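Presented below is the structure to which this report refers.
The values are calculated or read from the model by the stated rules, or taken from the named source; none is laboratory data. This is a predicted model, so every value here is computed, not measured. Cβ atoms come from the backbone with ideal geometry, glycine included; neighbour counts cover every protein chain shown.
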Amino acid sequence: MSLRLSKRVLLRTFDHLYAQHGPQHWWPGETPFEVMVGAILTQNTAWTNVERAIANLRQADCLTPECLLATDFDQVADWLRPSGYFNIKTRRLREFCVWYLDQGGYARLRRRRTHTLRTALLGVRGIGPETADDILLYAFNRPVFVIDAYTRRLLTRLGLIAGDEPYDSLRLAVEAALPGDVRLFNEYHALIVNHAKDYCRPKPRCEACRLRRGCGGVPEVSRRMGGAQRNPSRRGK
């Protein structure tokens with residue numbers, strides 16, 4: 001049985017998040033390629049570390065695939081050092097650059113249908129579903145909803161999912177429930193990330209959260225705040 005989520009609940013949640021955090025202006029990047037670089041570098045690290053690595057590349061005027069491939073491996077790795085796992089990320093980034101240029105760059109890739117482009121991205125070593133969807137949404141402006149640990153945490157605590165759903169099952173359920181609007185997907189995912197960092201942490205700060213009245217994911221806080229407690233496995237209708 002496929003997962004179904006409530007459009008009403010998801011849009012109401014979006015409204016609460018937007019009221020709490022305001023517009024996010026995400027993803028920061030001067031070019032689509034820079035956004036792709038950021039999506040690859042952000043694996044297993046905080047965004048602040050990625051910003052430092054990208055600043056190094058920008059200062060060196062090396063935010064193009066041609067420069068990243070022409071520059072000595074150790075030099076690129078040194079620029080990427082702040083992002084962690086810098087040798088692995090240097091190899092992955094350079095492999096992505098080879099693929100990117102072989103495919104004809106942004107101008108050709110943007111002509112592909114979303115499903116075809118997603119399949120191609122997933123064929124590049126080091127690019128999994130979340131990274132591919134980051135690239136699709138933020139670099140190619142495709143209506144693809146990014147599922148990350150923050151999204152799972154929030155939706156589980158709201159009682160909308162069990163939390164162990166396969167990646168694509170959850171992604172497709174969110175996409176089916178919401179209007180297929182790139183700007184909405186962009187803003188919604190960015191708001192979830194911000195909210196999970198500020199409030200819906202592993203040890204949550206529920207007292208200041210606008211979603212607390214409908215959240216039963218942290219029972220002791222829910223009881224204290226007077227919120228309704230839900231079964232985490234309950235599906236939205």
Residue check, L57 farther than 30 Å from R91 by Cα and in contact with a Phe, Trp or Tyr (Cβ under 9 Å, 6 or more places away or on another chain): no
Looking only at the stretch 9-35, and only at residues there that are under 25 Å from A176 (Cα atoms) and among the hydroxyl-bearing types (S, T, Y), the one that is surrounded by the most Cβ atoms within 10 Å (Cβ to Cβ): T13
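Kindly evaluate G159 against the criterion of being under 29 Å from K89 (Cα atoms) and not in a helix (DSSP H, G or I).
Here the answer is no, as G159 does not meet what is asked.
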Positions within the stretch 74-130 being of a type in the set (S, T, N, Q) and more than 21 Å from R142 (Cα to Cα), in sequence order: Q75, S83, N87, T90
Looking only at the stretch 1-50, and only at residues there that are among the aliphatic types (A, V, I, L, M) and part of a loop (DSSP other than H, G, I, E, B), the one that is farthest from G105 (Cα to Cα): M1
The stretch 19-32: number of residues that are under 26 Å from N49 (Cα atoms) and either hydrophobic (A, V, I, L, M, F, W, C) or modelled with pLDDT of 95 or more (or both): 9
Any hit, the stretch 120-136, residues being part of a loop (DSSP other than H, G, I, E, B) and buried (at least 17 other Cβ atoms within 10 Å of the Cβ): yes
In the stretch 36-50, the residues that are closer than 17 Å to A139 by Cβ and surrounded by fewer than 19 Cβ atoms within 10 Å (Cβ to Cβ): W47
All positions within the stretch 88-122 that are farther than 13 Å from M36 by Cβ and hydroxyl-bearing (S, T, Y): T90, T114, T116, T119
Of all residues in the stretch 139-156 being over 13 Å from the mean Cα position of the chain (by Cα) and outside any loop (DSSP other than H, G, I, E, B), the one that is farthest from R213 (Cα to Cα): R153
So V98, is it touching a Ser or Thr at 6+ places or on another chain (Cβ under 6 Å), in a helix (DSSP H, G or I), free of Cβ contacts under 8 Å to residues at least 40 places away in the same chain and β-branched (V, I, T): no
Condition broken by L117, with the remaining ones in (1) assigned to a helix (DSSP H, G or I); (2) within 28 Å of R58 (Cβ to Cβ); (3) among the aliphatic types (A, V, I, L, M); (4) in contact (Cβ under 8 Å) with a residue 60 or more places away in the chain satisfied: (4)
Qualifying residue in the stretch 81-89 (condition: over 18 Å from A132 (Cβ atoms), over 21 Å from the mean Cα position of the chain (by Cα) and at pLDDT 95 or above): yes
Verdict on N231 being modelled with pLDDT under 95 and either surrounded by fewer than 18 Cβ atoms within 10 Å (Cβ to Cβ) or out of contact with any Gly (no Cβ under 8 Å at 6 or more places or on another chain) (or both): yes
Residue, modelled with the lowest pLDDT, within the stretch 183-228, restricted to residues that are of a type in the set (G, A, S) and under 19 Å from A162 (Cβ atoms): A228
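Can you pull out every residue in the stretch 56-75 that is in a helix (DSSP H, G or I), without any contact (Cβ under 8 Å) to a residue 40 or more places away in the chain and closer than 22 Å to Y106 by Cα?
The answer is L57, R58, E66, C67, L68, L69, A70.
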